[in-house]
1. Could you list, in sequence order, all residues of the range 464-481 that are open to solvent by 30 Å² or more (accessible area, probe 1.4 Å) and either among the small types (Gly, Ala, Ser) or over 21 Å from Arg430 (Cβ atoms) (or both)?
2. Whether any residue in the range 65-83 is outside any helix (DSSP H, G or I), touching a helix residue (DSSP H, G or I) at 6+ places or on another chain (Cβ under 9 Å), at pLDDT 85 or above and open to solvent by less than 70 Å² (accessible area, probe 1.4 Å) is what I want to check.
3. Can you give me the number of residues within the range 110-140 that are of a type in the set (A, V, I, L, M, F, W, C), in a helix (DSSP H, G or I) and open to solvent by less than 60 Å² (accessible area, probe 1.4 Å)?
4. Is it the case that the range 49-57 has a residue that's farther than 18 Å from Asp69 by Cα, in contact with a Ser or Thr (Cβ under 9 Å, 6 or more places away or on another chain) and modelled with pLDDT of 85 or more?
5. Tell me, yes or no, whether the range 324-341 has at least one residue that is within 29 Å of Gln237 (Cα to Cα) and at pLDDT below 75.
6. Which of the following residues is at pLDDT below 85 and of a type in the set (S, T, N, Q): Thr417, Thr449, Thr391, Thr422?
7. Among the residues of the range 285-299, is there at least one that is at pLDDT 75 or above, of a type outside the set (Ser, Thr, Tyr) and at positive phi?
8. For the range 273-287, which positions are open to solvent by less than 10 Å² (accessible area, probe 1.4 Å) and over 16 Å from Leu370 (Cβ atoms)?
Amino acid sequence: MTLPGSFDKSQAVLRAILESPQGIVIFALDRGYRYLAFNENHARTIQLIWGESISVGMNMLDVIKRGDDREKAKQNFDRALRGESFTLHEAYGDELLERRYYEDAYNPIRDDGSVIGLTVYLTDITERRRAELELEGYRTRLEELVERRTSELKSAHEQLLHVQKLESLGVLAGGVAHDFNNLLAVILGRTELAAGAIARDSPAHAHLSLVQETALEARMLTKQLLGYSGKGKFLVQLVDLNQLIESMMQLLRASISRAVTLTFDREPEPQLVEADSTQLRQVVLNLVTNAAEAIGDQVGQVTIRTRTRDVDRGYLALTRAQPPIVPGSYVSIEVEDDGCGMEESVRGKLFDPFFTTKFAGRGLGLAAVLGIVAGHRGSIAVTSTLGEGSTFAVLLPSVGADREPPKLRSTPPAPNTERRGTVLVIDDERAVRSVTAVSLESAGHVVATAASGREGIEIYRARRGEIELVLLDLTMPDMNGEQTLRALQALDARVQVLVMTGYAEDELHEKFQPDELAGFLAKPFARDELFGAVDAALRRARRSIQDR
């Protein structure tokens, strides 16, 4: 350590004070920034950083080589020379030296109240600072991770709420359609019974005919509801999308503005899917009219395309369906327009029930389309650019040309005049059960009725030798149609059951083997449809008896 001559008598004491702290740099300057004293730690630091050997009386500002460092040091010295005590955290070192961190304590030296110099204590806090920086890095990464996970959870929660909302509305729509089908079945049955009970020339016949036609038209409304709920396929068959769309072109052109040009870019090969053609027509009509409305009154172009495509997981990420579809071969119906396009906020709500960008909404809209597509084990992808247009791509599972149509059909054969039989009607809806029984009795059948699956099983057990056919509703409380069928089969492996349901025929293929049912009758049904289905089932039952 080096001290000025005026401090000779206390040199040993000052040396002990200056040199005792380990890792601490200490120096003192006068008002001209000249060294009054310094310890060895400071001398070594100056030598390492600037390559200078220092001595008492040397101006420290002359030692500092870099101008910005020299200016910053002068500002700090001047603060202390003005009588201010303060502490700073600063880093020292350059590209040649390890960067270290110090806590710098500046204090003025006073003599009789006047500031005659300053002292600086630099405490090495490198390890502590590095730990703090590492901790800050961990904290930053943790905050980023928490923020990302929170965002992901929020997005997942929003998607879950959206799916739950759609599922809840789907259950509601399916339930309403089921109950509405039961009401329509009663209206149709009673109307036809009333028409048969009055003279053909009665003025009431015209009124009853109108009621009957209205009830039949109302079946389309239930199909829309069932389409939204994903349970709306009543007549499942092989459909060539090329032929289906070609047959619709005249209707589609009549449904949109004349300023919009509609073209069909079809794949040359048949595009086969297993579907309900009526509901697919609804999908195409809805998408084309929406595309035309996106163009508005302007001159524009709407193009329908069909093609078969192999879909990978990357493309599936763009689609909307519950449950999600899997990669594979799909037939695509694409409806493209050059209209106004959509913002992201609009695309996110497209399939919400009753959502519309029009002044007045029209109902379920694209939500029904999504329900129909999901009911066909398909999905929809939407791409859009604001101001340039949109494309809706409907994906449906591809069917090979060698596939056979389903064996069960919802269209019954024509009625016949064979001997009537004994029929058991099992349905929890009293009005449906009653009108079905009365209609069958009017055609000469002997009818027993049961209000539940359990009651139906007991009646069949007691009258097993008489009953040739069971008409069974699938949707019943306590013991549903499938459970009832299994119990009947346990009593009699050859029991003949004609299923009645307001849901899709293809659901039966998932629950039952084709040869274990005598037929299928879609609610609501007209009397001729009932008679035809029952006659066909009785013929099957009697052939089964002959084969025993």
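1. Selection gives Arg464, Gly465, Glu466, Glu468.
2. no
3. We begin by selecting, within the range 110-140, every residue of a type in the set (A, V, I, L, M, F, W, C); these are 115-116, 118, 120, 122, 125, 131, 133, 135.
Right, trim to in a helix (DSSP H, G or I) and you get 131, 133, 135.
Subset that is open to solvent by less than 60 Å² (accessible area, probe 1.4 Å): 131.
Count: 1.
4. yes
5. Within the range 324-341, the first condition is being within 29 Å of Gln237 (Cα to Cα), and the residues that meet it are 324-336.
So of that shortlist, the ones also at pLDDT below 75 come out as 324.
Yes; the residues of the range 324-341 include at least one that is within 29 Å of Gln237 (Cα to Cα) and at pLDDT below 75.
6. Details: Thr449 fails: at pLDDT below 85; Thr391 fails: at pLDDT below 85; Thr422 fails: at pLDDT below 85.
Answer to the check: Thr417.
7. Taking the range 285-299 and keeping what is at pLDDT 75 or above, we get 285-299.
The next check asks that each one be of a type outside the set (Ser, Thr, Tyr); those that pass are 285-288, 290-299.
Then drop every residue that is not at positive phi, which leaves 296.
Yes - at least one qualifying residue is present in the range 285-299.
8. Here is the first cut: in the range 273-287, the residues open to solvent by less than 10 Å² (accessible area, probe 1.4 Å) are 273, 275-276, 279-280, 283-284, 287.
Val273, the sole residue that qualifies.
The values are calculated or read from the model by the stated rules, or taken from the named source; none is laboratory data. Note that the structure is a prediction, hence the values are computed from the model and not measured. Methodologically, a virtual Cβ is constructed for each residue, glycine included, from the backbone with ideal geometry; neighbour enumeration extends over all protein chains shown. In case anyone asks, the SASA skips ligands and DNA or RNA and just uses the protein heavy atoms, side chains included. Shrake-Rupley method; radii C 1.70, N 1.55, O 1.52, S 1.80 Å.
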